[in-house]
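For reference, the structure discussed in these notes is given below.
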Amino acid sequence: MKQQVKTRNLKKKKTKESDILENKKKGLRNRETNVISFIFVALFLLMSGYLVYFNVFKASSIIDNPYNKRIDNLENKVVRGNILAADGQILATTQVDEEGNETRYYPFENVFCHVVGLNSAKTGIEGLANFELLSTSGNIIEELADDLSGEKAVGLDVVTTLVPELQEAAYNAMGNNKGAVIAIEPSTGKVLAMVSKPDYNPNDAAEYYSEWLNYDSSESVLLNRATQGLYSPGSTFKILTALEYIRDNDDYESFSYDCTGSAYVAGGTTIPCYDGTVHGHQNLEMAFANSCNGVFSTIGFKLNLAKFKQTCEDFLFNKNLDIGIESSVSSFSMDENAGISEIQETGIGQGKTMISPMHNLMIISAIANNGVMMKPYFIDRVQTREGSTVSQTEPEERATVCTPTEAAIISEYCRTVVTDGTGYAFRYTSYEVAGKTGTAQYDSSDRVHSWFVGFAPYDDPQIAFCVILEGGYTGVPGAQQIAKSLLDAFFE
Amino acid sequence: MQLIFIELSKYAFAFLICFYAAAAYHGAVIKEEKRKFTYVFQNVIMFMIHLLGFLILYQLNNEELKYLILYFAQFIYLFVVIFVYDVLYPRASRLLVNNMCMLLAVGFVMIARLDYNKCVKQFIIAAGGTIITFFIPWLLKKVKSFRNMGWLYGFSGIALLLAVLFCTEVFGANLVLELGPVSVQPSEFVKILFVMFVASMFNKSTSFAQTVKVTLIAALHVLILVVSKDLGAALIFFVVYLMMLFIATKCFWYVAAGLAVGSAASFGAYKIFNHVRERVLIWRDPWSTIDTTGYQICQSLFAIGMGSWFGYGLGQGLPDKIPVAEKDFMFSAIAEEFGAIFAVALLLICLNNLILMMNIASRCKTLFYRLVAVGIGVTYGFQVFLTVGGAMKMIPMTGVTLPFVSYGGSSVVSSLIMFALINGMYNMRQDEVEAKNETAGKNKKSKKEKNKGK
């Protein structure tokens, strides 16, 4: 400012040159340059403000990314924290020997292998919570003390939502079959158990990892089938077909159909009921309970196909599940231009539709939770080694996918599946189950994938589950029996 | 012990540069006679930061002697720059010289941390460039006909840009001209020619016809740059032209019309040019293409985010994970290892430079000089905005350097020329004052005016 005062003392130089500015209006003469200065002051303050805003609000979520190799750099300074089960049992820990060599150790070996993941590959929760496990409480004095003594700081512990009893029950029930079992709490989205088979012993990863990588996808032990596997949904998809029928037809309660064991549509194909069963006279509820293909392969012609596609996308088909760990996107492609046989096949969950077990569970879980789909989560809280909580996960609604009335109708249908239909395994259990069976053809052979999705207890759902047994399974009659082992453990 | 040293140095760096920035703003508002202490204070801080930086690098690199040798060479260089300006051009803005040296010193430390050999190269080019630019203030004062060579600046600028476009199209060169062993990035120098061109044309006349003529030539510059895919430079030229037009004509409506046309043109460019669309897509969502096109900006955000307030400590982060960190993403590398507080202080020093440039612009009595000062100031300020805003994903990335701090010979030499021009004007402005005072003694009429002025 003083410099400007000084300039006022300057006088116009006597000169003949025409390019000397005439500064007669003294008060105004610097106005234009001042305007530019102010613009830039504003721009720079905006930038500084943004940098501060970025650091306060955005940085923590951005840096927590498997592509952020900087986090691995923290391993030089911090001993990775533990991953704990909901009851505090250790699922993963780092052992340090006398020479300071660190080994990641997984006490449960194969049981939690996919969901806990591998530290070396940063999969599962090891990848999801990578930054937390390598973070310290942020106490500068403590850090300096560690620095002085030359000792590494200890990373934070991550307490998961996983329940070892359920996990072990599901793991054992699966035997040597391929497939996946997942259980969540419908009202919150807490993941209680997640098993995928075939599995591996994470403690052997150092030795065998490169060998595991070379397996075919059908044999891959590293693939988490629960979230990454994509299967035909089979009859479990009838949940959405039925829902769309209810939405499009107000008189759905008076629906009727006479099943002759198979259905032929002119210009399409003949689709038989499972095992050629003749269901006879069916209303919608019984057709759902009996999983009648005659009904569901023809019902598609009474649906608004554009709306049906929208409904499926509202239920997260063709969308990222966004659950924090690696997952595949389910696909649904039928629209109003579909051909006749495509409409037939899609209605019964065959055709081009593909779904991941986790997604199928999220759908049934939303039905159990009055139409509100919760976001599944694995990490309940982050705490220091001494046990004081650093951060706590709050349940989060992912989407409202249908009305409570619609959810109640589908729930009731799912209950009828167990009491009067194909869900016979739960007819005499002490707890009341609702669910939907599914058998999905995946090639020209007789072998089928066996599905069961459901929740229990029927009137107050505390657990929702999804079981898929890949074709060629042995030792069990189907997915229902594995779900039963899981629920027996849950209600024990 | 070494870790503790680095841990404490983080806080030292942040506090030192904050004090420096505070001194720079304090210095700008106090009388020039009282600034002696500010100057010395700034220089002491600068040398402390430079020394501390190289001590850490020396420690981290197994106490290799070459780091100490480079340090001493740079120490002497920085000392000589300050000394020479002080002796040859005592009326130049010492604050601007100090800021320039501070930015160079920070740049030297960071480039040496990324790649010792690049730092040596940068240092040699900077030293050579400085020696040449020592003559610029003297030339500016002696040669009055600079203001009359408008068409020469304009056409040589266009010719250079076309040469680059040709080489890029034909030889696939990336916006550089190969001249024997050296590769030059001409757009860095055309920036200056462009400013001189516009200043000299408007100095002649600001009539409507002249304005149209200049606007057409300016638009041609921008168009060639857009086609050459040098979007950052194109934006800089556009904004610089608007601001200079505003100063020359004092007409707000020209600027408004320019902005409207510019927005329409950018929308057109977005529709026509694939590379423009790609930049915008990366900006809006780099995460879905984190493996390919989004990789760089995501790494930059990781770097800034991991750095937090005080940074990882020099040599402790992974700034080399960001492709071409030493050029376009220097700001992210600094934010990672020195922290956000240091980075904000660095931004404030850049802003201080811009204010000093606008200050001399407002005091220039010749339209030509005023326009040159404004043009250079806006070029500098807007370039900082583009590179820093781009690194933070506040705006789309345009691939320009942070003047004096980023690695790159053309960038550092053109920045040196721009600052030397500004200092030349500081130098002359005060010559004018003396000339006036002399005449004032003889001329009663002007004495009266002087009193009125008070």
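Screening B:333, B:340 for residues that are buried (at least 24 other Cβ atoms within 10 Å of the Cβ) and within 11 Å of chain A (Cβ to nearest Cβ) leaves exactly one candidate, B:340. Considering the stretch A:412-431 alone, what residues qualify as being surrounded by fewer than 19 Cβ atoms within 10 Å (Cβ to Cβ) and in contact with a strand residue (DSSP E or B) (Cβ under 7 Å, 6 or more places away or on another chain)? Within the stretch A:412-431, just A:431 meets the criteria.
The helices (runs of 4 or more DSSP H) found wholly in the stretch B:356-454 and carrying at least 1 residues that are more than 28 Å from residue B:332 (Cα to Cα) and modelled with pLDDT of 90 or more occupy B:367-391, B:409-442.
Under the condition of being under 14 Å from residue A:89 (Cα atoms) and charged (D, E, K, R), the residues counted in the stretch A:159-193 number 2. When each of A:405, A:474 is tested for being more than 21 Å from residue A:195 (Cβ to Cβ) and of a type in the set (Ser, Thr, Tyr), the lone residue that passes is A:405. Restricting the stretch B:234-253 to residues that are in contact (Cβ under 8 Å) with a residue 24 or more places away in the chain and within 11 Å of chain A (Cβ to nearest Cβ), which is nearest to the chain's Cα centre (by Cα)? That would be B:240.
When residues of the stretch B:275-297 are filtered for being more than 11 Å from residue B:397 (Cβ to Cβ) and free of Cβ contacts under 8 Å to residues at least 24 places away in the same chain, how many remain? Counting residues in the stretch B:275-297 that are more than 11 Å from residue B:397 (Cβ to Cβ) and free of Cβ contacts under 8 Å to residues at least 24 places away in the same chain gives 10.
Please determine whether any residue of the stretch B:209-218 is away from chain A (no Cβ under 14 Å), under 23 Å from the mean Cα position of the chain (by Cα) and of a type in the set (A, V, I, L, M). Within the stretch B:209-218, one or more residues are away from chain A (no Cβ under 14 Å), under 23 Å from the mean Cα position of the chain (by Cα) and of a type in the set (A, V, I, L, M).
With respect to residue A:52, is the statement that it is farther than 22 Å from residue A:389 by Cα and within 12 Å of chain B (Cβ to nearest Cβ) true? Yes: the conditions hold for residue A:52. Say whether the condition of being of a type in the set (Val, Ile, Thr) and modelled with pLDDT of 90 or more is met by at least one residue in the stretch B:165-182. No, the conditions are met nowhere in the stretch B:165-182.
Among the residues of the stretch B:85-107, not a single one is at pLDDT below 95, on the phi > 0 side of the Ramachandran plot and of a type outside the set (Gly, Ala, Ser). Of all the listed residues (A:220, A:235, A:187), the sole one being more than 24 Å from residue A:169 (Cβ to Cβ) and assigned to a loop (DSSP other than H, G, I, E, B) is A:220.
Hey, among the residues in the stretch B:368-394 that are within 10 Å of chain A (Cβ to nearest Cβ), out of contact with any Phe, Trp or Tyr (no Cβ under 7 Å at 6 or more places or on another chain) and not aromatic (Phe, Trp, Tyr), which one's nearest to residue B:282 (Cα to Cα)? If we take residues in the stretch B:368-394 being within 10 Å of chain A (Cβ to nearest Cβ), out of contact with any Phe, Trp or Tyr (no Cβ under 7 Å at 6 or more places or on another chain) and not aromatic (Phe, Trp, Tyr), then B:389 is nearest to residue B:282 (Cα to Cα). Among the conditions (1) surrounded by 18 or more Cβ atoms within 10 Å (Cβ to Cβ); (2) over 15 Å from residue A:68 (Cβ atoms); (3) among the β-branched types (Val, Ile, Thr), residue B:304 misses just one, which is (2).
Residues being surrounded by fewer than 24 Cβ atoms within 10 Å (Cβ to Cβ), in a helix (DSSP H, G or I) and at the interface with another protein chain (Cβ under 10 Å from one of its Cβ atoms) are represented in the stretch B:321-329 by at least one member.
Being in a helix (DSSP H, G or I), out of contact with any Gly (no Cβ under 6 Å at 6 or more places or on another chain) and modelled with pLDDT of 90 or more is not true of residue B:141. Regarding residue A:390, is this residue of a type outside the set (Ser, Thr, Tyr), surrounded by 14 or more Cβ atoms within 10 Å (Cβ to Cβ) and free of Cβ contacts under 8 Å to residues at least 60 places away in the same chain? Taking the combined requirement at face value, the residue does not satisfy it. For residue B:10, the conditions (1) buried (at least 16 other Cβ atoms within 10 Å of the Cβ); (2) away from chain A (no Cβ under 14 Å) are fulfilled apart from (2). Scanning the stretch A:472-491 for residues being β-branched (Val, Ile, Thr), in a helix (DSSP H, G or I) and surrounded by fewer than 21 Cβ atoms within 10 Å (Cβ to Cβ) gives a total of 0.
For the stretch A:323-334, the count of residues that are under 18 Å from residue A:186 (Cβ atoms), free of Cβ contacts under 8 Å to residues at least 60 places away in the same chain and out of contact with any His (no Cβ under 6 Å at 6 or more places or on another chain) is zero. Only a single criterion out of (1) under 27 Å from residue A:259 (Cα atoms); (2) acidic (Asp, Glu); (3) in contact with a strand residue (DSSP E or B) (Cβ under 7 Å, 6 or more places away or on another chain) is not satisfied by residue A:342, namely (3). Residue-level analysis places residue B:405 among those that are more than 14 Å from every other protein chain (Cβ to nearest Cβ), closer than 26 Å to residue B:327 by Cα, touching a residue at least 12 places away in the same chain (Cβ under 8 Å) and hydrophobic (A, V, I, L, M, F, W, C).
The values are calculated or read from the model by the stated rules, or taken from the named source; none is laboratory data. Small disclaimer: the values here were computed from a predicted structure and weren't measured. Note that we place each Cβ from the backbone using ideal geometry, even for glycine, and neighbour counts take in every protein chain shown.
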